[in-house]
Each structure stands twice: as C-alpha cells, then as structure tokens.
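Enquirer: I am attaching a structure below and will ask some questions about it afterwards.
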Amino acid sequence: MNIFAHFKTVLMIISILPLNQAGLKRIIASERGKVVIVNIWATWCAPCKAEMPALASFERQHAGQKVKLILLSANEQEEKKAAETFLERLGFGSLAYIKQDKDDQQFINAVDPTWSGALPATFVYDRSGKLVKSFLGTVDMNQLEALIKTLSAR
Amino acid sequence: MKRILLAFTTFWFAASTLGSFVDARAAGIMHLAETVLTDHGNPVTVRSADAPVTAVIFVSSTCEVTAAYSARLEQLFADYSPKKVQFVFVDANANETPADVDAYVKAKGWTFRVYKDDSNRLADQLDAHVTPEVFLFDKAGDLRYHGRVDDSRPGTNITSKDTRDALDAMLSGKPVPVAETKALGCTIYRVQSHK
C-alpha cells in the first residue's frame, strides 16, 4: 500500500460547516486586517463548478498572505456530502461552509441587498470588513487579482 | 450657504429618484406593453393587452434550478392557461441555442413553447438575472409581481407559493400579497459575457 497516497486522501478530506448570515458576518469581522473573498456556489450550478479550479489556484497562490477565501455553498443541508466531495477533488485547503438559513431571500439580502440571488457570486471585503465589490456571475480572475492588489496596498 | 443648499437638493433629488427606481418593480411602475422575442429565428410579438395577466418566466436549458422547478412550471402552465393567463417562457442565455432549448423542452415534457431573447433586450429591460425568474404583468402592462416561483428549490418544503398567490390575487382583482421576492438560481448569461 502506498502510504503517501493514503495520507493525501486523508489530508484532502473537507468538512463543510453550517453557517448562517450572522455567522458569516462574525467570520468576516474576525478576519479584520485581511482582504476577505466570499464565493457563494452550489453543486447544482455549472458555472460555479467551472470557476472552482481557478479559485483553488488563487487560494494556493495567496497562501500565507493577508487574503482569506471563504467558500460558502448554497446547497441544502441534505446535499452537503456532494459539496464536500466536489471540494475534496479540487484539493481546497481552507475551511468551507454551507448555508444554514432556510430562508434564501433573507440570506441573499443579508449578504448584499443588490444581489439578485444568481450564482455564482463572489463578494470582496476590504481589510476593515467592508463589502467593496460584488462579482455577480463568473468572477473575472484578472479583475479580482487587481482588486486584491489595490486593497492589500491600502 | 447656497452651495450647501444646492448640494443638499441634488442629494435629495438623487436619493428620491433612486428610491423610486428601486421601488418601481415592486410597486408596479415597471411597464411592458409589448416585446418581441424569437421562435427559431422568427419574431414573436407579445402584448400584455392580449390577456388579463401575462407571465414572463425566464428559464434555462442547462440550469439545475430550472430542472428542479420543471414539473412545477408545467403544472403552473396547465393550471393557469385556462384562466386566461398568457405564459411567455423565455431563454435569454447566450450560451443556449434554439436546438438546445428544443431538446430540453422535449426531455422535460413541457407542453409550452420557450422563446429566445437573442439580444437580451427583454432581460435587460426587466433587469432579469436569474433562472427561474417570474414577472407578472397586468393587462395594462404594469408589473404586479417579480421574483421566485415558490420558496423551495427541491420542492419538498414549500411554505410560500408566491407566483400562484400573485396570480390568484391578480385574477380576482385583489392586491398581490407579496410583490417582490428573491431566490437562489442560475445566472442568465448575457450576449456580452458570452463573446
């Protein structure tokens, strides 16, 4: 048995934690001093899954920097396993969450009142925890990188 | 002092204009008297004056949320078409061809047609961004309801049948109980983003 292959499998297991709107606000506040990116996705959203490899690569490139990527699944709790399996395959290292709120409308408005609820959606918070940019639809990685650079320099 | 007064007046005007714009969709100020969509490249004109209620519903042939609502959309059509509701199912996604839509309609067993909004003109006019997304207009073309079909994507725990409630209210001449709702769904892929 290849012990390294076994280790790799063990290390890539992801446990997605339930998170409600208040919890999301607490996490963003606790990361003050870092630029925080919240990507909201779902296993039923094809473009969300298509942009995930780029986000995984983004996370690796910014490891150890004052940038925090939070993945928040909009799946229902019953679909948690499918979401975990998908993220494990991509090798994400960060904590991931799943929407706990039953009321999607409240959840949408709590994240950003101007958001229609269309996925994927990526929200960028500056180092003080203020929402500064909402990427609605597939995130433009060049724009995201430029924004991170600007916000990190402030 | 004059400058301060001018600045305040400008701010007040901008704020009140923005406020009325934001409220417009829910308050029924948004208007759709006529629109032109396509059916396999052929223009199809839809007029709100042709029916007591016109239901414009944006769908997608690749969106799993549309798929989850597939049977409920068919049932909505079956239940309300006899009540003179004019249904206009629209695919505005630039990455979905008429052939894709045909195959999807067949696979889902839908008995209604799905028209293309090739240039996103209607999606832009209504500021539609997500599928499925419902807009209900009265005979005068005023928007009376905008938002979700209901509050449960899987359909297992529906507590609010928003579109049906709005249709029932409109058909019986009553005010729509909740005029604006939101739901998680798929992004409508615009022509611009597909290039």
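Enquirer: From the list B:150, B:162, B:138, pick out the single residue that is surrounded by fewer than 23 Cβ atoms within 10 Å (Cβ to Cβ), touching an Asp or Glu at 6+ places or on another chain (Cβ under 7 Å) and modelled with pLDDT of 95 or more.
Expert: Being surrounded by fewer than 23 Cβ atoms within 10 Å (Cβ to Cβ), touching an Asp or Glu at 6+ places or on another chain (Cβ under 7 Å) and modelled with pLDDT of 95 or more holds for just one of B:150, B:162, B:138, which is B:150.
Enquirer: Output the number of residues of segment A:108-154 satisfying the condition of being of a type in the set (Asp, Glu) and closer than 16 Å to residue A:58 by Cβ.
Expert: 2
Enquirer: Exactly one of these conditions fails for residue A:125: (1) touching a Leu at 6+ places or on another chain (Cβ under 6 Å); (2) of a type outside the set (D, E, K, R); (3) within 11 Å of chain B (Cβ to nearest Cβ). Give me its number.
Expert: Against the list (1) touching a Leu at 6+ places or on another chain (Cβ under 6 Å); (2) of a type outside the set (D, E, K, R); (3) within 11 Å of chain B (Cβ to nearest Cβ), residue A:125 comes up short only on (3).
Enquirer: I would also like to ask the following. Return only the number of the condition from (1) out of contact with any Phe, Trp or Tyr (no Cβ under 6 Å at 6 or more places or on another chain); (2) under 14 Å from residue B:132 (Cα atoms); (3) not hydrophobic (A, V, I, L, M, F, W, C) that residue B:93 does not satisfy.
Expert: Looking at each condition in turn, residue B:93 falls short on (1).
Enquirer: How about segment B:58-80: which of its residues are in a helix (DSSP H, G or I), within 14 Å of another protein chain (Cβ to nearest Cβ) and in contact with a helix residue (DSSP H, G or I) (Cβ under 6 Å, 6 or more places away or on another chain)?
Expert: If the condition is that a residue be in a helix (DSSP H, G or I), within 14 Å of another protein chain (Cβ to nearest Cβ) and in contact with a helix residue (DSSP H, G or I) (Cβ under 6 Å, 6 or more places away or on another chain), then B:70 is the only one that fits.
Enquirer: Next question, about the same structure. Name the single residue, out of those in segment A:129-154 being part of a helix (DSSP H, G or I) and in contact with a strand residue (DSSP E or B) (Cβ under 9 Å, 6 or more places away or on another chain), that is farthest from residue B:93 (Cα to Cα).
Expert: A:152
Enquirer: Going through segment A:39-57 one residue at a time, which ones are of a type in the set (Phe, Trp, Tyr) and modelled with pLDDT of 95 or more?
Expert: The one that is of a type in the set (Phe, Trp, Tyr) and modelled with pLDDT of 95 or more: A:41.
Enquirer: While we're looking at this one, here's another question. In segment A:60-67, is there at least one residue being surrounded by fewer than 20 Cβ atoms within 10 Å (Cβ to Cβ), within 11 Å of chain B (Cβ to nearest Cβ) and on the phi < 0 side of the Ramachandran plot?
Expert: no
Enquirer: Now a separate question. Of everything in segment B:164-182, what is of a type in the set (Gly, Ala, Ser) and either at negative phi or outside the structural domain of residue B:86 (by TED's automatic domain parsing) (or both)? Give them in sequence order.
Expert: B:166, B:169, B:172, B:179
Enquirer: Residues in segment A:115-137 that are surrounded by fewer than 18 Cβ atoms within 10 Å (Cβ to Cβ) and not small (Gly, Ala, Ser): how many?
Expert: Residues in segment A:115-137 being surrounded by fewer than 18 Cβ atoms within 10 Å (Cβ to Cβ) and not small (Gly, Ala, Ser): 5 in total.
The values are calculated or read from the model by the stated rules, or taken from the named source; none is laboratory data. The structure displayed is predicted, hence computed values, not measured ones. Here the Cβ is made from the backbone with ideal geometry for all residues, glycine too, and neighbour counts use every protein chain on show.
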